[in-house]
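Enquirer: First, the structure itself, so that you have it in front of you.
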Amino acid sequence: KNQVEQSPQSLIILEGKNCTLQCNYTVSPFSNLRWYKQDTGRGPVSLTIMTFSENTKSNGRYTATLDADTKQSSLHITASQLSDSASYICVVRSRGANNLFFGTGTRLTVIP
Amino acid sequence: GAVVSQHPSWVICKSGTSVKIECRSLDFQATTMFWYRQFPKQSLMLMATSNEGSKATYEQGVEKDKFLINHASLTLSTLTVTSAHPEDSSFYICSARPVANEKLFFGSGTQLSVL
């Protein structure tokens, strides 16, 4: 069964600190994995997209890693800011027309 | 970057009425658009895939007659929640993918509250 699991469910960190969010998946055959940031009441915004051959991809203070062998991905946020408070969703696409699988998200709260 | 406009951003309606939500790709053509529903503190759940010029493909458990989808052009898809009930209250989001491009772009969502 194709599944995407994220951990932790929620996380509270102090402003300026780093944090890492996890995404484990069982989706097969794998096409790509994306991390989205979703502010409350808004649509998701893409942070990174990674294909099978990519291990690391950065977007500013966001760095995503992918281990296609263990089917794990992480999103590392450096020097967190208050504006990083949001839900972070991991989405895995399987090869095939419209097969997207969404994780349940990690709710990040950055406090001053 | 590509922009997907979703309208309205929020709507309150009485039980039994129908509500239409529009999803437009502003600067690209999209043969395929997707509709999702999101309940509080939960992730997005794909409801249906909207294909331009043909019938939408619905996910298991989603009522076709209740959630009417129309994709009449390459830049517009609409979701109509018919005879809305309080349990239909949710956050609805659309996404679109430019032709020959894998990246998905999301609308800003519509918060539906049915009284």
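Enquirer: Please list, or write none, the lysines whose alpha carbon is within less than 22 Å of the alpha carbon of A:Lys71, excluding same-chain residues fewer than 8 places away.
Expert: A:Lys1, A:Lys37, A:Lys57, B:Lys103
Enquirer: If the chain between A:Thr26 and A:Ala79 were fully stretched, how many nm would it gain, using 0.36 nm times the residue separation less the Cα-Cα distance? Could the numbers behind the result be given before it?
Expert: Values: separation 53, 0.36 × 53 = 19.08 nm, distance 3.08 nm.
So the extension gain works out to 16.0 nm.
Enquirer: May I pose another question? Can you sort A:Cys19, B:Cys13, A:Cys90, B:Cys94 from fewest to most other Cβ atoms within 10 Å of each residue's own Cβ? Numbers along the way, then the final one.
Expert: Numbers: A:Cys19 19, B:Cys13 16, A:Cys90 27, B:Cys94 30.
Taking fewest neighbouring Cβ atoms as first place, the list is B:Cys13, A:Cys19, A:Cys90, B:Cys94.
Enquirer: Enumerate the lysines that B:Lys20 could reach by cross-link, defined here as Cα to Cα under 22 Å, with residues fewer than 8 away along the same chain left out.
Expert: Hits, sequence-local ones excluded: B:Lys55, B:Lys64, B:Lys66.
Enquirer: Which of the three applies to the protein assembly as shown, rounded, prolate or oblate, going by the alpha-carbon gyration tensor with a ≥ b ≥ c and a/c under 1.5 meaning rounded? Numbers along the way, then the final one.
Expert: Values: a/c = 1.88, a/b = 1.42, b/c = 1.32.
Because a/c hits 1.5 or more and a/b exceeds b/c, the protein assembly as shown counts as prolate.
Enquirer: Additional query: Please give me the summed charge of the neighbours of A:Cys90: other residues whose Cβ is under 14 Å from its Cβ, Lys and Arg +1, Asp and Glu -1.
Expert: On the way: positive: A:Arg34, A:Lys37, A:Lys57, A:Lys71, A:Arg93, A:Arg107; negative: A:Glu5, A:Asp67.
Neighbourhood net charge equals +4.
Enquirer: Hey, another quick one. For the peptides A:66-79, B:69-82, B:23-36, what is the packing order when you average, over each peptide's residues, the other Cβ atoms within 10 Å and list the highest mean first? Walk me through the numbers before you get to the answer.
Expert: On the way: A:66-79: 15.9, B:69-82: 19.4, B:23-36: 21.1.
Ranking the peptides A:66-79, B:69-82, B:23-36 by packing returns B:23-36, B:69-82, A:66-79.
Enquirer: Also, I was wondering about something else. Local charge sum around A:Ser80 (other residues, Cβ-Cβ under 13 Å, Lys/Arg +1, Asp/Glu -1)?
Expert: Numbers: positive: A:Lys17, A:Lys37, A:Arg61; negative: A:Glu15, A:Asp84.
Local net charge: +1.
Enquirer: Moving on. Neighbouring Cβ atoms within 10 Å as the yardstick, rank B:Val99, A:Val4, B:Val19 fewest first. Walk me through the numbers on the way to the answer.
Expert: On the way: B:Val99 12, A:Val4 23, B:Val19 19.
Lowest to highest Cβ neighbour count: B:Val99, B:Val19, A:Val4.
Enquirer: In the neighborhood of B:Pro8, defined by Cβ-to-Cβ distances under 11 Å, what is the net charge if each Lys or Arg adds +1 and each Asp or Glu adds -1? Mind dumping the intermediate values first?
Expert: On the way: positive: B:Lys20; negative: B:Glu22.
So the surrounding residues net to 0.
Enquirer: Which Cys residues of chain A have no other Cys beta carbon under 4.7 Å away?
Expert: Here A:Cys19 come out as lacking a disulfide-compatible partner, given the Cβ-Cβ threshold of under 4.7 Å.
Read-outs: derived from the displayed coordinates by stated rules, not from any lab. Since the structure is predicted, the reported quantities are computational estimates derived from the model, not experimental observations. For neighbour counting, all protein chains shown are included, and Cβ atoms are generated from backbone atoms with ideal geometry for every residue, glycine included.
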